[in-house]
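The values are calculated or read from the model by the stated rules, or taken from the named source; none is laboratory data. Predicted model, so just to flag it, every value in this text is computed and none were measured. Positions of Cβ are generated from backbone atoms using ideal geometry, with glycine treated the same way; all protein chains shown enter the neighbour counts. When the accessible area is computed, the model is the full protein with side chains, heavy atoms only, and any ligands, DNA or RNA have been set aside. Shrake-Rupley method; radii C 1.70, N 1.55, O 1.52, S 1.80 Å.
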Amino acid sequence: MKKFVVLLIVLSVVFFGTLSAKNTEITFWTLFSGGEGHIMTDFVDNFNESHPDITVKAQKIDWLEYYNKLLTGLISGQPPDVAIMHLSVLPDYASKGVLTPVKDYVPKAFLDEYLPNIIKRAYYDDELVALPLDTHPLVFYYNKKVIENAGLVDENGNPKVPGTWDEYLEFGKEIKTTTDDYGASLDKFGMLGERWFIALYNQLGGSFYDEKAGKVIIDKELAEEVYSIINASYKDEMTPVTDYDGGEALFVNDRAAYHLNGVWAMAVYPDTEGLDFGVSMVPAVEGADPYTWGDSHSIIFPKSPNQDKDKVEAAVTFAKWIIENSYEWAKAGHLPVVKDVLESEEFQSLPMRENYMEAASYAVLAPSVIGWSEFREEMWELCQKLIIGDLTEEEAAEELVDKAESILE
Amino acid sequence: MIVTNKKRNTTLAYLFFLPFGLFFALFKIYPFVRSMYLGFFKWDVFGTPEFIGLENFYTLFTTDKFWEALWHTVYFTILTVPPLVIIGFLIAVLLNSRIKFVGFFRAGFYIPYILSITVISLMWKLMFNETFGIVNKFLSVFGIESINWLNDPVFAMPAVVFATIWWTLGFNIILYLSAIQQIPYSYYEAATLDGANSWQKLIHITFPLLRSTHILVFVLQVIYSLQIFGQVYIMTGGGPGGKTRTLVQYIYETGFKYFKMGYAQANAAIFFLIMLGVAIAQVKLMSKRGEQF
């Protein structure tokens, strides 16, 4: 009898032991809230239901604190198994060797589906350290009411949308003079000094990475040209200096005609009551391709002391599943970055997407260099100094060249 | 017998101190010492710190951004301390007098202080908005043209100062109010018999008897103001063009955003020395003479 009981206990331990071992639990940190947050939560729930062998435990962290928490997690050896990271800051982390290379876990066919301009940035030192989920480029919003109010309509009665930056400045100034409204509005931090700058710089034929020198070099003449376009838009009160919320408030309350913002605003604007707007690619420099700035939410797999092959496999399975279903994610405005999803009916049937989906291929991501987090904030600040008249276009360009040299490795 | 008692008492005292002392050592003293130590290293958070001597300090002193941030911090302190001390004192005097609804007013002045920094910053950000904000709407009644408060290099800092005064005044009022209430009523009675009016009583009794409270409030206020970070960070982000970046923000950015931990620590060490100077001044001033009622 005693032997039997012991046997029973041993058996049950083995049985339940294997049962629980079969289920791999992985932790997942995200920085999404609002509409994006809901979609992500649904993703996790649906995945858990359809994958009984894997349990994803998601934790949402306020985006202002997100990278601080991630950093603390990485230092203390308790990072999540899966996390979100912007591709623009990837080199700052990948260079510290804290991300798991995942090339061996992902089929080649899956990687071939990616847009080349995006997947290129998921590599660091020839190691694949992230799987991009989306791209969120800078696009161009226009407020139909404000434009019509100013009488800026074409022969068909449609509000005029600028195709070039010259037209943008011309229309914008006309709107400011004929009405009391602003020609344009945009955030004075990232949108101005980094995103708009990158779009213009690339349209003018510039590129950040110098293959010969093997580092980032900013062309002073081009930077000055970029700054002259930006500066012109702040002349004659066409554009007010505002932060993100302020710029958005002017646009949705019919006080600004044009609005530079990321595609994520598509999660909000279509449902904003009373807002009659359109969206398009950003205008281009005369004769140039409509390059624009883009960043990408990618999925990373932090290294941790208790990481094993099963966990990485489960984590990659989860990441692949989200990416394959990213037409759901696209509802928040982001553009998918794998061809299958871009061409899928689910994605194509989303409203207004055909007006800006091309931006995914023209999106220019930040160069893969260490120090970008610091350099880009210098870009924001220099551009602010330019538009408040602290620096001339030439001085700002000069300083930018210097900063690139001293900060970027 | 007495000796053993004394001994036992000392042991007991240490035992009582232990729970607090342990946490204090672990979470305050150790990080502090380590922070000072790391100021002499180059460290990117992940790797091994590399000793570089005084290089961080050299870089610091030759960086414009540091001096600008230091000036903005001092500027904020100069703008906030006098009004917070003087207005705090005057309102405390008023709240101590027999006016109607005194409880309502006392609560009213204190309530902003219990709100979180994020709440008050976002609230004032909305109110200072150029186009939709209530501040410009109010000023337009007097024919004053719209000011782009938080995005203007001249007005950004005063706007943050105004919000800060509104937010933290309540704390100084409480300190003053409790001190005023400790002044014996007989002093005022005697003054009344001698024919002193309210103004004379304020100048000759209340004000001088609050000497140590003045010093306490002043020094605490200087220390709080020097640590300015949250309001500025949320309301202006340090902009426009870095015109409102303060020292703590600079430490935060270099350490946690750009991974230059050693450099940030060196920065913090300088900041600590400044604060230490203020604290020593306080001790010197307060120890001169206590007040006796």
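Look at A:Glu221 and say whether it is closer than 29 Å to A:Leu335 by Cβ and away from every other protein chain (no Cβ under 11 Å). It is false that A:Glu221 is closer than 29 Å to A:Leu335 by Cβ and away from every other protein chain (no Cβ under 11 Å).
I'd like to know if region A:393-403 contains one or more residues that are within 20 Å of the chain's Cα centre (by Cα) and β-branched (Val, Ile, Thr). Within region A:393-403 (the criterion being within 20 Å of the chain's Cα centre (by Cα) and β-branched (Val, Ile, Thr)), the answer is no, since none of the residues qualifies. Scanning region A:230-252 for residues that are more than 14 Å from every other protein chain (Cβ to nearest Cβ) and either open to solvent by 30 Å² or more (accessible area, probe 1.4 Å) or over 26 Å from A:Tyr182 (Cβ atoms) (or both) yields A:Lys235, A:Asp236.
Among the candidates A:Ala330, A:Ala366, A:Ala397, A:Ala359, which residue alone is surrounded by 21 or more Cβ atoms within 10 Å (Cβ to Cβ), at pLDDT 95 or above and away from chain B (no Cβ under 14 Å)?
When all the criteria are applied, what remains is A:Ala397.
For every residue, the table says whether it meets (1) touching a strand residue (DSSP E or B) at 6+ places or on another chain (Cβ under 9 Å); (2) closer than 30 Å to B:Tyr185 by Cβ; (3) among the charged types (D, E, K, R).
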{"site": "B:Ile86", "(1), (2), (3)": "no, yes, no"}
{"site": "B:Ala92", "(1), (2), (3)": "no, yes, no"}
{"site": "B:Phe101", "(1), (2), (3)": "no, yes, no"}
{"site": "B:Phe104", "(1), (2), (3)": "no, yes, no"}
{"site": "B:Lys125", "(1), (2), (3)": "no, no, yes"}
{"site": "B:Asn136", "(1), (2), (3)": "no, no, no"}
{"site": "B:Ile144", "(1), (2), (3)": "no, no, no"}
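Please verify whether region A:133-147 includes one or more residues that are of a type in the set (Asp, Glu) and open to solvent by 20 Å² or more (accessible area, probe 1.4 Å). No. B:Leu122 meets all of the listed conditions (1) within 14 Å of another protein chain (Cβ to nearest Cβ); (2) open to solvent by less than 40 Å² (accessible area, probe 1.4 Å) but one, namely (2). Residues that are under 23 Å from A:Leu365 (Cα atoms) and within 11 Å of chain B (Cβ to nearest Cβ) within region A:71-112 comprise A:Leu71, A:Val89, A:Asp92, A:Tyr93, A:Ser95, A:Lys96, A:Gly97, A:Val98, listed in sequence order. With respect to B:Thr213, determine if the residue is away from chain A (no Cβ under 11 Å) and more than 17 Å from the chain's Cα centre (by Cα). Judged against the criteria, B:Thr213 is not a match. When B:Thr246, B:Thr206 are checked against the criterion of being more than 14 Å from every other protein chain (Cβ to nearest Cβ), crowded, with 18+ Cβ neighbours inside 10 Å and over 24 Å from the mean Cα position of the chain (by Cα), a single residue qualifies: B:Thr206.
Quick one: would you say A:Asp154 is open to solvent by less than 60 Å² (accessible area, probe 1.4 Å) and within 14 Å of another protein chain (Cβ to nearest Cβ)? In short, no. Being free of Cβ contacts under 8 Å to residues at least 60 places away in the same chain and surrounded by 17 or more Cβ atoms within 10 Å (Cβ to Cβ) is the filter here; which residues of region A:278-327 pass it? The answer is A:Tyr327, and nothing else. Residue selection: B:Val154 satisfies the criterion of being loosely packed, with under 14 Cβ neighbours inside 10 Å, within 12 Å of chain A (Cβ to nearest Cβ) and either closer than 23 Å to B:Val81 by Cα or not basic (Lys, Arg) (or both).
The one condition from (1) away from every other protein chain (no Cβ under 14 Å); (2) touching a residue at least 60 places away in the same chain (Cβ under 8 Å) that B:Ile111 does not meet is (2). Residues of region A:369-394 that are among the acidic types (Asp, Glu) and either within 14 Å of chain B (Cβ to nearest Cβ) or more than 19 Å from B:Pro240 (Cβ to Cβ) (or both): A:Glu374, A:Glu377, A:Glu378, A:Glu381, A:Asp390, A:Glu394. Are any of the residues in region B:165-179 modelled with pLDDT of 95 or more, open to solvent by 40 Å² or more (accessible area, probe 1.4 Å) and either closer than 30 Å to A:Lys385 by Cβ or within 14 Å of chain A (Cβ to nearest Cβ) (or both)? Within region B:165-179 (the criterion being modelled with pLDDT of 95 or more, open to solvent by 40 Å² or more (accessible area, probe 1.4 Å) and either closer than 30 Å to A:Lys385 by Cβ or within 14 Å of chain A (Cβ to nearest Cβ) (or both)), the answer is yes, since at least one residue qualifies. Of the residues screened, A:Ser406 is not one that is touching a Lys or Arg at 6+ places or on another chain (Cβ under 7 Å), within 12 Å of chain B (Cβ to nearest Cβ) and either modelled with pLDDT under 95 or surrounded by fewer than 22 Cβ atoms within 10 Å (Cβ to Cβ) (or both). If the condition is being open to solvent by 20 Å² or more (accessible area, probe 1.4 Å), touching a residue at least 12 places away in the same chain (Cβ under 8 Å), of a type in the set (A, V, I, L, M, F, W, C) and part of a helix (DSSP H, G or I), then region A:23-73 contributes A:Ile39, A:Trp63.
Would you say B:Val160 is touching a residue at least 24 places away in the same chain (Cβ under 8 Å), under 30 Å from B:Val119 (Cα atoms) and more than 14 Å from chain A (Cβ to nearest Cβ)?
no
Looking only at region A:251-273, residues that are of a type in the set (A, V, I, L, M) and farther than 21 Å from A:His297 by Cβ come to 3 in all.
Restricting attention to region A:157-189, the residues that are away from chain B (no Cβ under 14 Å), hydroxyl-bearing (Ser, Thr, Tyr) and over 26 Å from A:Ala267 (Cβ atoms) add up to 3. Among the candidates B:Met235, B:Met261, the residue that is within 14 Å of chain A (Cβ to nearest Cβ) and in contact with a Lys or Arg (Cβ under 6 Å, 6 or more places away or on another chain) is uniquely B:Met235.
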